[in-house]
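Data block below; observations after.
Each value in this text was obtained by applying a stated rule to the coordinates, not by laboratory testing. Treat the numbers as computed from the prediction; the structure is a model and nothing was measured. Glycine gets a Cβ as well: all are built from the backbone with ideal geometry, and neighbour counts include every protein chain shown.
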Amino acid sequence: MAVQQSSPLKFVIAGALVVAVIVWLAVSAGSQAKSYYKTIAELQQMGDKAYGMNLRVAGNVKPGSIERSGTSATFTLVELDKTIRVQYQGAEPPPDTFKDDAQALAIGTYGHDGVFHATQLQAKCASKYAPAKPGTAPTGNTAPMTASVAH
């Protein structure tokens, strides 16, 4: 009875094909997930290179600029003397910390319309944890903490 032997060349080709597919998936997914942090001024100076790139832009939310609608929001980010209008369209509504004067990070793309189109939004409340300005009363609960014991 004769036993047919498999060619080692078939295994080498199959292995190389599997490795090539894995490398291709890693490279293509990595380039799509990559986003560059830019200041508002840098973004506005990029010109045509800014369109279509995955970008991150940070700034403070301009008071009174937030317009909410379901899971979407439109607002203005301010950084020094530069501003940019942001349209956020995500699966989740903006976080609870997303308020006037909050520090926000928008992740998305810059459009030809001059608006930053964000698909992700992160925010932290700047005023809640900021140190009090000299000569002003601190905000928040200033009552001394007391311990209560249940009997």
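Some observations on this one:
- Amide H contacts under 5 Å for TYR88, placed H, 5+ residues apart: ALA73, THR74, PHE75, ALA118
- Amide H contacts under 5 Å for ALA102, placed H, 5+ residues apart: VAL61, ALA126
- Selection from ALA104, ALA91, GLY64, by position along the positive dipole direction of segment 35-129 (Cβ): ALA104
- As a ratio to 2.2 N^0.38 Å, the alpha-carbon radius of gyration for segment 35-129 is 0.99.
- The modelled label-to-label distance between THR76 and TRP24, using points 7 Å beyond Cα along the C-beta direction, is 4.8 nm.
- Across segment 62-75, coupling constants 3J(HN,Hα) worked out from phi with the 6.51/-1.76/1.60 Karplus curve, θ = phi - 60°, read 5, x, x, 9, 7, 10, 9, 7, x, 8, 10, 7, 10, 7 Hz, and Gly and Pro carry x.
- For segment 52-60, 3J(HN,Hα) per residue [Karplus equation, 6.51 cos²θ - 1.76 cosθ + 1.60, θ = phi - 60°, Hz, x = Gly/Pro]: x, 7, 6, 10, 10, 10, 10, x, 9
- Basic side chains Lys and Arg get +1 at the Cβ, acidic Asp and Glu get -1 at the Cβ, and with that the dipole of segment 35-129 about its Cα centre reaches some 140 debye.
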